[in-house]
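One structure is given below, encoded as structure tokens.
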Amino acid sequence: MDETPMRARAVVDLTALRDNVRALREAAPTAELMAVVKSDGYGHGAVPCARAARAAGAGWLGTATPEEALALRAAGDQGRLMCWLWTPGGPWRQAIEADIDVSASGVWALREAAAAARACGRTARVQLKA
């Protein structure tokens, strides 16, 4: 009997991902559609997952952290992008300059977003988390 333990692995079928996004787009053609690719596309590669979702009609991408959103921008993504998990002193200015929608879950976050927007002379798009 082989004593070698099985290793778990996940394989992402980008065709299935595109098909699923297309099906959602067809079911609700006028709705805003956000594909969430946080945590490196749930461990499957944020950039390939993001590209597949965009190709299938996702108008928005969502990430947990600003670093994830900035990495998508660095990879060439130019569509609407939102990130929602922030820590004090995070890269607010870089996100706003990269045209990333940010979220504010407290007054401290709203203040940091506003200060960053003033510092770079841009308007921040802020989603308020209540």
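Observations
- Dividing the radius of gyration of the alpha carbons in region 47-100 by their Kirkwood radius gives 0.97 for Rg/Rh.
- D_trans [Stokes-Einstein, Kirkwood Rh over alpha-carbon pairs] for the chain, 4 °C, 1.567 mPa s, µm² s⁻¹: 81
- Axis of helix 14-27 versus longest Cα principal axis of the chain: the two differ by about 60°, to the nearest ten degrees.
- Surface exposure of region 3-127, expressed per residue as accessible area with a 1.4 Å probe, stands at 58 Å².
- Per residue of the chain, the DSSP helices (runs of n ≥ 4 H) give a summed -39500 (n - 2.57) that works out to -13000 deg cm²/dmol at 222 nm.
- Exposed loop sites are taken as GluC sites (Glu not before Pro) in a DSSP loop (any state but H, G, I, E or B) with at most 10 other beta carbon atoms within 10 Å; the longest stretch of the chain without one runs 33-130.
- Coarse-grained scattering of region 56-130 at q = 0.19, 0.20 Å⁻¹, given as base-10 log I(q)/I(0) from a Debye sum over alpha-carbon atoms: -0.69, -0.77
- Between the helical axis of 46-55 and the longest alpha-carbon principal axis of the chain there is an angle of about 90 degrees.
- Fraction in percent of alpha-carbon pairs per bin - 10 Å, region 1-52: 22, 40, 22, 10, 5, 1
- Sum of side-chain charges, Leu24 neighbourhood, beta-carbon under 15 Å (Lys, Arg +1; Asp, Glu -1): +1
The values are calculated or read from the model by the stated rules, or taken from the named source; none is laboratory data. This structure is a prediction, so every number in the text was calculated from the model and none was measured. So basically every Cβ, Gly included, is an ideal-geometry build from the backbone, and we count neighbours across all protein chains shown. The protein model used for the area step is the full one, side chains on, heavy atoms only, and it has no ligands, DNA or RNA in it. Shrake-Rupley method; radii C 1.70, N 1.55, O 1.52, S 1.80 Å.
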